[in-house]
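The values are calculated or read from the model by the stated rules, or taken from the named source; none is laboratory data. For clarity, every value in this text was computed on a predicted model and none was experimentally measured. Ideal geometry is used to build each Cβ from the backbone, glycine not excepted, and the neighbour counts take in all protein chains shown.
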Amino acid sequence: MVGAANTRPAAPLPPSPVRFLDPAPVTAPGNVWPVEKTSEFETYSNGLRIENQYAVGHRTRTYIAFMHDGGSEKRSEPAGIVYHTTESLQVPFEPGQNNVLKRVGESLLDYVRRRRCYNFLIDRFGRVFRIVNESDAADHAGHSVWADAQYYYVNLNDSFIGISFEAQTGAGEAVTSAGEPQLRAGAMLTEMLRSRYHISARNCVTHAQVSVNPANMQIGYHVDWASSFPFEKLGLPDNYATPSPAIALFGFAFDASFEQRAGVRLAAGALAAERDLIAAAERARLSPAAYRKALHRRFDATIRHAAH
């Protein structure tokens, strides 16, 4: 429990050193509505079916969205989606493996349910399972940073919904290993969630894009969906083109091995943000190192603010 000395609101943060523009316009999600709902499943007007047999509660979703002008808002509805891969055992997806595929999938569902890992999981057959109810936060993003045109967010477990595909991603891979049934289901699920919660296309991103390590102030602590997420197949713009908010807002960096782990698309966003940081340092008449340290202090202040 937080002591009385720590319950006063934190002082407003200074304005963001950079702003993030929305991506090129994309088709807004249609009006997706529920058609049928039982304790076992839900169906929706766009063809989506969600299985509810594994659904559980967790801590109530609540978080602070930080405004670029220095203000903040306390919220309880999700602001975005983070896409993951389970990095679990992958059995060949072929008819002779049906029993093994189902057995492995059921074991995975039990595991992620017990650990409250995601809000949704999409299995190899394209079935969508609700794990943690959307009203609650799942433990999916860890230390993380993202930003849109108006707000920025830290530690996205509470602010973003977690969707995981039963798949693996290799270091730097450019082509997805997720199957077409999974991608079709992912597109319908994304459309429903965007319609229900008015989620911007800008805030539909991969774990690799948002993951950071505060211990060494580097990006890319987790690199699932580093460069292979097929945004276009889910009706989204290529958000890999967005400069990394963690670098531009808070001075996170990356090491020499990052491009090999991240792949070309994620590395391009990191390099773009690094150029933005250097340009901002010049405008502030500081060396890049001194400017980065100032951004590190800004990150620490933001994390303290988020804890109130």
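Where strands (runs of 3 or more DSSP E) sit wholly within the range 121-193, those with at least 1 residues that are over 14 Å from Ile81 (Cα atoms) and in contact (Cβ under 8 Å) with a residue 60 or more places away in the chain occupy 128-130, 151-154. Return the residues of the range 245-273 that are closer than 17 Å to Arg298 by Cα and in a helix (DSSP H, G or I); say none if nothing qualifies. Across the range 245-273, the qualifying residues are Pro245, Ala246, Ile247, Ala248, Leu249, Phe250, Ala273.
Quick one: is Ala215 out of contact with any Ser or Thr (no Cβ under 9 Å at 6 or more places or on another chain) and either buried (at least 23 other Cβ atoms within 10 Å of the Cβ) or not in a helix (DSSP H, G or I) (or both)? Considered against the rule, which asks whether it is out of contact with any Ser or Thr (no Cβ under 9 Å at 6 or more places or on another chain) and either buried (at least 23 other Cβ atoms within 10 Å of the Cβ) or not in a helix (DSSP H, G or I) (or both), Ala215 comes out as yes.
When you scan the range 12-32, do you find a residue that is modelled with pLDDT of 90 or more, surrounded by 13 or more Cβ atoms within 10 Å (Cβ to Cβ), outside any loop (DSSP other than H, G, I, E, B) and touching an Asp or Glu at 6+ places or on another chain (Cβ under 9 Å), even just one?
Of all residues in the range 12-32, those modelled with pLDDT of 90 or more come to 31-32.
Subset that is surrounded by 13 or more Cβ atoms within 10 Å (Cβ to Cβ): 32.
Narrowing the set further to residues that are outside any loop (DSSP other than H, G, I, E, B) leaves none.
Within the range 12-32 (the criterion being modelled with pLDDT of 90 or more, surrounded by 13 or more Cβ atoms within 10 Å (Cβ to Cβ), outside any loop (DSSP other than H, G, I, E, B) and touching an Asp or Glu at 6+ places or on another chain (Cβ under 9 Å)), the answer is no, since none of the residues qualifies.
Looking across the range 255-271 at every residue that is touching a helix residue (DSSP H, G or I) at 6+ places or on another chain (Cβ under 8 Å) and of a type in the set (Gly, Ala, Ser), the one that is farthest from Ala208 (Cα to Cα) is identified as Ala268. Say we look at the range 55-94 and pick out the residues that are charged (D, E, K, R) and part of a strand (DSSP E or B); which of these is surrounded by the most Cβ atoms within 10 Å (Cβ to Cβ)? Here the residue is Arg75.
Kindly indicate the residue of the range 33-43 that is of a type outside the set (Val, Ile, Thr), touching an Asp or Glu at 6+ places or on another chain (Cβ under 9 Å) and assigned to a strand (DSSP E or B) and also surrounded by the most Cβ atoms within 10 Å (Cβ to Cβ) among those meeting that condition.
Going through the qualifying residues, I end up with Glu42.
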